[in-house]
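A short write-up of the structure that comes next.
The values are calculated or read from the model by the stated rules, or taken from the named source; none is laboratory data. What you are looking at is a predicted structure, and each value in this text was computed from that prediction instead of being measured. Here the Cβ positions follow ideal geometry from the backbone for every residue, glycine too, while neighbour counts run over all protein chains shown.
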Amino acid sequence: MTLPDWQSKSILNITESILSEYPPRVDEPKDRQMAMVLLDAVFHDEGAPQRSSVQNFHLQRTLSVLEEIENTKVSTGVKIWKLYNMGVVIRTKTVTVAFDITRGHSSSSDSFALSKEVIDRLATHCDALFISHFHRDHADEEVAGMFLDKGKPVVTPPDTWEGKEIYDDVTHLERKAHEIQKLRLNNKQLDLEVVVYPGHQGANILNNVVLVLTPEEYSVCHTGDQSLEEDFSWIDKVAEHHEVDVLIPNCWTTNPLRTSKGYAPRLIVPAHENELGHTIDHREAYALNYSRWDVPYNKIIMTWGESFHYNP
Ligand SMILES: [Zn+2]
């Protein structure tokens, strides 16, 4: 083992013990903040995705989420699990919904990526997958295929996987601000209510911003890589149409304060930190969340493999 490998392994070990002692919470103790900043130090090493310690951290923490998902019943509120990049799973009493789940090949290291077996287990316990846009840190055709094989709907914008075989099996809901649509969940024999906001990454990339309204009347919004100023025409008005319980934005989105006010959520859980496929200056540190998301709304900073039970 090289010295940098040994060092990153040592930091991850102590960080994990701090994280388990201080799980995600709104009033975050300094110890936990220090752990998040230590993760930045490990992930901001150019070679991080190639290090076995980082690959192991990703795998083990995903496996621990899987075990929780396989064994957790939610009777009230919303359980939120955070995975790599913007991968998120939410569960209420009746539904389990996944967003932007990938194996992690976008990290530029195939050894960092998860196996099909791991994703297969995950897909077994979810009812639907929403993919915000076609970039491979959000969209993974193999993952979508596994959901579809199990009869679970996969929803993407209309320009994801155009011309590919999978395209016709994917659900393309209308991108329309504030309007509730229904997504059939055959395995649960119910219709899930969703709003697909017509978002964009930059001027040209279609990015679905999905608000899921669960049968228990909780609402969770996942923004994907939302980053177009003009879209504030509808972002500014979301809260006038829907009560948002949990907002899961890309941590680097355009104008976090205006975004927060638009959704007026009860809780913000930023995501997309430390996507290892980017050069280190664009890996988006956890540490930046504390200033960027210094907004008058509750927020929780989480890393891969953590969960939070939202129970208002
Ligand atoms: Zn992205």
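Return a yes/no flag: does region 138-149 have any residue that is buried (at least 22 other Cβ atoms within 10 Å of the Cβ) and either at positive phi or touching a strand residue (DSSP E or B) at 6+ places or on another chain (Cβ under 6 Å) (or both). Taking every residue of region 138-149 in turn, at least one turns out to be buried (at least 22 other Cβ atoms within 10 Å of the Cβ) and either at positive phi or touching a strand residue (DSSP E or B) at 6+ places or on another chain (Cβ under 6 Å) (or both).
Being assigned to a strand (DSSP E or B), more than 16 Å from the ligand (Cβ to nearest atom), in contact with a Phe, Trp or Tyr (Cβ under 6 Å, 6 or more places away or on another chain) and in contact (Cβ under 8 Å) with a residue 24 or more places away in the chain holds for only one residue in Val89, Val97, and it is Val89. Within region 239-263, the set of residues being assigned to a loop (DSSP other than H, G, I, E, B), of a type in the set (S, T, N, Q) and within 16 Å of the ligand (Cβ to nearest atom) comprises Thr253, Thr254. Of the candidates His135, His125, the single residue that is within 16 Å of the ligand (Cβ to nearest atom), surrounded by fewer than 22 Cβ atoms within 10 Å (Cβ to Cβ) and in contact (Cβ under 8 Å) with a residue 40 or more places away in the chain is His135. Contact map, region 1-24: first residue within 18 Å of Gln50 (Cβ to Cβ), second residue of a type in the set (Lys, Arg) and modelled with pLDDT of 95 or more, Cβ cut-off under 6 Å, separation 6 or more or different chains; pairs are Asp5/Arg51; Ser8/Arg51.
Among residues of region 276-295 that are of a type in the set (Lys, Arg), those with a beta-carbon under 7 Å from a residue that is crowded, with 18+ Cβ neighbours inside 10 Å at least six positions away or on a different chain give the pairs Arg283/Phe43; Arg283/Asn274; Arg283/Glu275; Arg283/Leu276; Arg292/Cys251; Arg292/Pro256. If you go through region 292-312 and keep only what is within 21 Å of Thr253 (Cβ to Cβ), among the polar types (S, T, N, Q) and surrounded by fewer than 16 Cβ atoms within 10 Å (Cβ to Cβ), you end up with just Asn298.
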